[in-house]
Protein chains: 2
Amino acid sequence: MKTAHPTARARLPRVTEMAHRLLAERITAGDTVVDATAGNGYDTLFLAGLVGETGRVYAYDIQEAAIRATAERLDAAGVRNRVILRHASHTAIAELRASLQAVVFNLGYLPGSDKGVITQADSTLQAVQASLERLAPGGMVLLVVYQGHAGGEQEAEALEAYTRKLSPRDYLVLKYEYINPDNRPPYILAIERK
Amino acid sequence: MKTAHPTARARLPRVTEMAHRLLAERITAGDTVVDATAGNGYDTLFLAGLVGETGRVYAYDIQEAAIRATAERLDAAGVRNRVILRHASHTAIAELRASLQAVVFNLGYLPGSDKGVITQADSTLQAVQASLERLAPGGMVLLVVYQGHAGGEQEAEALEAYTRKLSPRDYLVLKYEYINPDNRPPYILAIERK
């Protein structure tokens, strides 16, 4: 039978939707995960939902405004106690002793804030490397890479060069990208530890 | 609660799995779809399942052995009547008058057969263009692109150049690719008509 609502059919999953799907498939209750770039806290809240009451989310941001916004969002949802908020660069992931199921990076600048404060290629690469070293078997580092802002292109190139060289015996690197854009939309790099 | 079977967690969807997911999300009972490269008939059978008893699958292959294998597979599953098998190049899609919900291309050569008979950049581009012209709004052309065989690389480059230029007002083009392989694995180009 022909459906009565052809417009309700699924579209190709957009980048943000796909990122959330990949996280939801990978993370279960009790997991320890990281939001490397808390930003306005939407992903932190999403992760807190996935890890449940027994799980733990570490969330980092170098901007006080981001930490405040994230804390408020978590309080409002009643899941503040699942999250350890750190006003620090994501390079502080190197201090974690936990085995991580997932680490999420939303690169670029904080929406609605100072566009001069952006993630940088060097520190991002350090944070990604620290994340990979703490990743549990079967765990995933998920990067949403923005290129539209100043410095974004260099960061994207550095990340792609780094991830392309990861040993296929130890990691699988997926690139999920819309290739005929009219602007420079974000794309996904997802690294799975075997 | 920590899961007892961490190895049972979802992995990143491999290329074939992702291709089937995208088709399953897009196609519903009653649809008209095309398998541009029937090959051994696995995708034809998968499509016949998705379109149901009231739907229709057009399946093309230039090799007699592929048509035979596909017919046998469809007979065994009792869905032969949903499929119109054509012993012809996929450029014959240009003769179709139907409005298509999806068109699938598995490029390269027929597994287990003559590796000298491969899809060619020119005819593949013609067939893709004919498919796009017959695509219903919200429809999708899904290409699984193989580069490992002789001629595969040229075909892949031609397809990517063509799809990158498709107007973003009319189409979205997704590339789904593992970028740190130890060989040259297939990747997906999925074109969604808006």
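We did not get these values from a lab; they are worked out from the coordinates using the rules stated. Since the model is a prediction, treat every value here as computed from it, not as a measurement. Reconstructed Cβ throughout: ideal geometry from the backbone, glycine too, with neighbour counts over all protein chains shown.
Select from region B:123-168 those trypsin sites (Lys or Arg not before Pro) which occupy a DSSP coil region and have at most 14 other Cβ atoms within 10 Å, ordered by residue number.
Sites meeting the loop and neighbour criteria: B:LYS165.
Distance between Cα centroids, region B:1-80 to region A:149-188: provide it in whole Å.
Between the Cα centres of region B:1-80 and region A:149-188 lies a distance of 30 Å.
Taking springs between alpha-carbon atoms closer than 10 angstrom, which of B:ILE93, B:ILE67, B:ILE179 fluctuates most in the Gaussian network model of chain B?
B:ILE179
To check you understand DSSP bridge types, tell me what percent of the beta bridges within chain B (both residues inside) are antiparallel, rounded to 5. Mind dumping the intermediate values first?
Details: 13 of 31 bridges.
Looking only at bridges with both residues in chain B, the antiparallel portion is about 40 percent.
Checking understanding here: applying a Kyte-Doolittle mean of at least 0.0 and a length along the axis of at least 24 Å (C-alpha), which whole DSSP H helices in chain A pass?
Working: long enough: none.
Passing helices, by number: none.
Would you calculate, for chain A, the mean residue ellipticity at 222 nm contributed by helices, counting each DSSP H stretch of 4 or more residues as -39,500 (n - 2.57) and dividing by all residues, to the nearest 500?
-10000 deg cm²/dmol
How crowded by other chains is B:10-21, given as the mean number of beta carbons from other chains within 10 Å of each beta carbon? Each step should come with its number before you reach the end.
Working: counts 9, 7, 12, 4, 2, 1, 0, 0, 2, 0, 0, 3.
What the average comes to for B:10-21 is 3.
Could you name the aspartates and glutamates in cross-link range of A:LYS194, using Cα to Cα under 20 Å and dropping any fewer than eight places away on the same chain?
List returned: A:GLU25, A:ASP31, A:GLU133, A:GLU160, A:ASP170, B:GLU17, B:GLU177, B:ASP182.
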